[in-house]
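Worksheet for the structure shown next.
The values are calculated or read from the model by the stated rules, or taken from the named source; none is laboratory data. Just so we're clear, the structure is a prediction, and the values are computed from it rather than from any experiment. As a convention, Cβ positions derive from the backbone with ideal geometry for all residues, glycine included, and neighbour counts pool all protein chains shown. Accessible surface areas use protein heavy atoms only, side chains included; no ligands, DNA or RNA. Shrake-Rupley method; radii C 1.70, N 1.55, O 1.52, S 1.80 Å.
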Amino acid sequence: VRVMRMPRERTYIMVKPDGVQRGLVGEIIKRFEQRGFKLVAMKMKAASPELLQQHYADLSSKPFFPGLIAYVGSGPVVCMVWEGTDVVKTGRKMLGETKPLESNPGTIRGDYCIDVGRNIIHGSDSVDSANKEINLWFTPEEICEWRSMEEPWVY
Ligand code: RTP
């Protein structure tokens, strides 16, 4: 029996309102599940401007900031925490580039979108921001510790 390295990394993944309205939630979940990552928290939420301003605080001086807050607040988002080895960096690879036209086919953005202002999904860009974002969007009680029967085949 191989020894599993714990604790595993977590990332915050969020389907933006365009992804929800275009019916891409299932496709996105499917990709993370099939890769072998483990879903440990999930909810749908209509995010307030205050929450979004905190989430995107680093971008507050950008000209596109008001438009970004309006876009991500325009409808419900699906918030998720995924767990697994190197899930932050690997999740970003699965998402593709911020600008969808620079994203390779096979990535989520490379397969499903065109415009940077409608890029359907968010993923944490570092372990540090993942931890901050998970704490911003979820309470500790909303995160589920569970053991997958398939895990010995993934690791
Ligand atoms: P995200 O946080 O959503 O995963 O995106 P990211 O790290 O790849 O990109 P970041 O530079 O942090 O930008 C966050 C989101 O802002 C929107 N954006 N619009 N109009 C524009 O030029 C522009 N640039 C960025 C995108 O929705 C981007 O995902």
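Would you mind stating whether ARG92 is in contact with a Pro (Cβ under 9 Å, 6 or more places away or on another chain), modelled with pLDDT of 95 or more, outside any strand (DSSP E or B) and within 22 Å of LYS30 (Cβ to Cβ)?
In short, no.
Name the one entry in ASN131, ASN135, ASN119, ASN104 that is open to solvent by less than 40 Å² (accessible area, probe 1.4 Å) and either under 22 Å from GLY36 (Cα atoms) or within 14 Å of the chain's Cα centre (by Cα) (or both).
ASN119
Restricting attention to segment 105-155, and to residues there that are of a type in the set (A, V, I, L, M) and assigned to a helix (DSSP H, G or I), which single residue is nearest to the ligand (Cβ to nearest atom)?
Our first condition is that a residue be of a type in the set (A, V, I, L, M); within segment 105-155, this holds for 108, 114, 116, 120-121, 127, 130, 134, 136, 143, 149, 154.
Okay, now just the ones that are also assigned to a helix (DSSP H, G or I), so 108, 116, 127, 130, 134, 136, 154.
Details: ILE108: 11, VAL116: 5, VAL127: 14, ALA130: 11, ILE134: 14, LEU136: 13, VAL154: 25 Å.
Only one residue tops the list, namely VAL116.
Being hydrophobic (A, V, I, L, M, F, W, C) and either in contact with a helix residue (DSSP H, G or I) (Cβ under 6 Å, 6 or more places away or on another chain) or closer than 20 Å to PRO140 by Cα (or both) narrows it down to one of VAL77, VAL25, so name that one.
VAL77
Being touching a residue at least 24 places away in the same chain (Cβ under 8 Å) and among the aliphatic types (A, V, I, L, M) is the filter here; which residues of segment 64-106 pass it?
Passing the criteria: LEU68, VAL72, VAL77, VAL78, MET80, VAL81, VAL87, VAL88, MET94, LEU95.
Is there any pair linking a residue in segment 119-148 that is under 19 Å from GLN53 (Cα atoms) to one that is open to solvent by less than 60 Å² (accessible area, probe 1.4 Å) and away from the ligand (no atom under 16 Å from the Cβ), with Cβ under 7 Å and at least six apart or on different chains, and which?
PHE138/ALA41
Which residues, counting only those in segment 95-122, are closer than 14 Å to ILE29 by Cα and aliphatic (A, V, I, L, M)?
Within segment 95-122, LEU95, ILE108, ILE120, ILE121 qualify.
Could you figure out which of (1) touching a strand residue (DSSP E or B) at 6+ places or on another chain (Cβ under 6 Å); (2) farther than 16 Å from ILE120 by Cα isn't true of MET14?
Every listed condition holds for MET14 apart from (2).
Give the residue, chosen from GLU50, GLU27, that is of a type in the set (Asp, Glu) and free of Cβ contacts under 8 Å to residues at least 40 places away in the same chain.
Details: GLU27 fails: free of Cβ contacts under 8 Å to residues at least 40 places away in the same chain.
Just one listed residue meets the conditions, GLU50.
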